[in-house]
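Take a look at the structure below.
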Amino acid sequence: MKILVLNAGSSSHKSCLFDLSQGDVGAVPQPLWRAALDWTHQPGKVELSASGGGETIQQVLPITDKAKGLKAMVNTLVDGPTQVLEGLAAIDVVGHRVVHGGREYIDSVRIDDRVKAAIERLIPLAPAHNPANLQGIEALEDILGDRPQVAVFDTAFHARMPEAAATYPGPHAWVEQGIRRYGFHGISHQYVAQRTADMMNCDLAELKILTCHLGNGCSLAAVKGGISVDTTMGFTPLDGLMMGSRSGSVDPGILIYLMRQEGYSADQLDRLLNKESGLQGLSGQSNDMRSVVEAMEGGNPQAQLAFDTFIHRLRREMGGMVASLGGLDAVVFTAGIGENSPLVWQQACAPFEFLGLRLRSDLTRSKEDQDIASDNSRVRSLVIHTQEEWAIAQACLALL
Ligand code: ADP
C-alpha cells in the first residue's frame, strides 16, 4: 500500500510517500520520497525541494497559488530525477495532518463532505492552520480525484482528557461555547508515548509518561495508561510553555492592561503574543534555541534571561503534569529542542532528582532514539525522534 502524507501549513507544506507493501509495518521505514514547499523566503515565488530514488532537486518556481505549488510538488513523484512512481494511480490513500478536530473528531476519519465542512467550521478556533489543511485536502482531490483521504487530527489524542483538566474556570457559558482546553501536537505525543512503551518493553496501559514536545511550538502531555489526561496547550496553541516566538501562558490581566492603557487591538495582541514573544521576544535575538544559547554563552544578559525563563516555565509545567499523572515512569523529550539539546535535558530534569530521576553524565545527541537516564534512575528518561508523518501513515492503514 502506498500512502501519501501531507502536512499543509500556512507558509510551508511537507509531504512524503510511504510504501507499506514490503517490510515490517511495525518499524519506521524511510519514506520513498520526501518533498517540501516554502513560501516564506522569496516574494511571488515558492521554493520546492524533493528527494526520491537517491536524487534530490531544489527549484524556485514563480508560483503563488498554493494548489498549483502542491501540483508541482506531487508531480516530482512521477516526473524528473526524483520519480519513484510510474503514475499517480499508484497512490492508494492520502493522509492529512489536520490541526483542529474540535469536539467532534476524537479519532482519525475518512474525509467526506461532512468532515470538510467540520474542518471549515473550526477555522475560528485554528485560523492559522485549518484553512491551509482544508486547501491541501481540496488540492489533492483535484489532483487524485476520489482517492480515499484521511484526516488525522492534532487535537484527537487529547480528546479523552477528564473534564476538570479540559475546563477553563470562566463562566459556565464557556462550557457550551466550546471554550475549553483542546491541546495540540497530539500526533507527536501519542507516537512518542507508544514508542516509550516499546523501548521500555512495557505495556503502554501500565505506564505514566510525561511527554515533552519542544520545538518552535512547545507542549507537554501527561499520558496515563495511553490516554492524554492533561496537556499544556489549550483552547489555542498559545497556552502553556514559553516557545520560540509565542509567550505561552501569561496573566490575562496583562492583556486587559495593554488594551486599556495602550489601546492595543486584537490583531496587535495576536502579533505580540504569537510572533514577538517567547525566546524571540525576551532575547531580542532569535526564536531559535541554538542562537539563544550561543548568545547566552557569549555573555548576553537578555539571552540568559530568555533561556532561564524558558527552563523555569518548563520545570513548573512538568511539575504540574506529574501531579496530573499521580506518579512518573518516564520523561520523554522530542522535537527540535527536545531531540537535540543535552543542556535542556539536564536543566529540565534537575529539580526532579527527588523523585528518583537521574540522567547519565555523558549526554550527547544521537540520530537514534536513546535512554538518557542513569542505570540507577528510578524514572526513565528517553529522547525520541518524533515521526509524525509515519504516525499519520499508520493511522491511514488502521482506518482502511
Ligand atoms: P517546528 O515546531 O517548527 O517543527 P522543530 O521541531 O524543528 O520546530 O524545532 C525547532 C527548534 O529546535 C528551534 O528552536 C531550534 O533551535 C531547535 N534545535 C534544533 N537543533 C538544535 C540543537 N542542536 N540544539 C538546540 N536546539 C536545537
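Taken together, the values in this text are just the output of simple stated rules run on the coordinates, not laboratory data. Model, not experiment: these values are computed from the prediction. Positions of Cβ are backbone-derived with ideal geometry, glycine not excepted, and every protein chain shown enters the neighbour counts.
Peptide packing for 350-361, 228-239, 285-296 was compared via the average number of neighbouring C-beta atoms within 10 Å per residue; ordered from the highest value, the list is 228-239, 285-296, 350-361. Based on C-alpha pairs under 8 angstrom that are at least 6 apart in sequence, the chain has a relative contact order of 13 percent.
Here the extension length gained between Asp79 and Lys275 equals 66.7 nm, from 0.36 nm per residue of separation less the Cα-Cα distance. For the stretch 201-388, the fraction of alpha-carbon pairs lying more than 21 Å apart is 52 percent, rounded to a whole number.
For Pro31, neighbours were defined as the other residues whose beta-carbon sits under 10 Å from its Cβ, and their charges (Lys and Arg +1, Asp and Glu -1) total -1. When you filter the trypsin sites (Lys or Arg not before Pro) in the stretch 114-165 for DSSP loop state and at most 14 other Cβ atoms inside 10 Å of their Cβ, you are left with Arg160.
Using a/c under 1.5 as the rounded threshold, could you call the chain rounded, prolate or oblate? The axes a ≥ b ≥ c are square roots of the C-alpha gyration tensor eigenvalues, and prolate needs a/b larger than b/c, oblate otherwise. Rounded is the answer for the chain, as its axis ratio a/c remains below 1.5. Stokes-Einstein diffusion for the stretch 117-276, with the hydrodynamic radius set to the Kirkwood value over Cα pairs and evaluated at 25 °C in a medium of 0.890 mPa s, equals 139 µm²/s. Helix 252-262 axis versus longest C-alpha principal axis of the chain: approximately 80°, rounded to the nearest ten. Only Lys, Arg, Asp and Glu carry charge here, each on its Cβ (+1 for the first two, -1 for the last two); on that basis the stretch 201-388 has a dipole of about 240 debye about its Cα centre. Overall, the anisotropy analysis places the stretch 205-296 in the oblate class: the square-rooted eigenvalues a ≥ b ≥ c of its C-alpha gyration tensor yield a/c not less than 1.5, with a/b not exceeding b/c. The stretch between Leu343 and Glu55 holds 100.1 nm of extra length on full extension. This uses 0.36 nm per residue minus the Cα-Cα distance. With a cut-off of 10 Å between beta carbons, the residues surrounding Asp371 carry a summed charge of 0, where Lys and Arg count +1 and Asp and Glu -1.
Rounded to the nearest 20, the size of the Cβ-charge dipole of the chain about its Cα centre is 560 debye, with Lys and Arg at +1 and Asp and Glu at -1. Treating r as the C-beta distance of Asn201 and Ser366 and R0 as 25 Å, the FRET efficiency rounds to 0.80.
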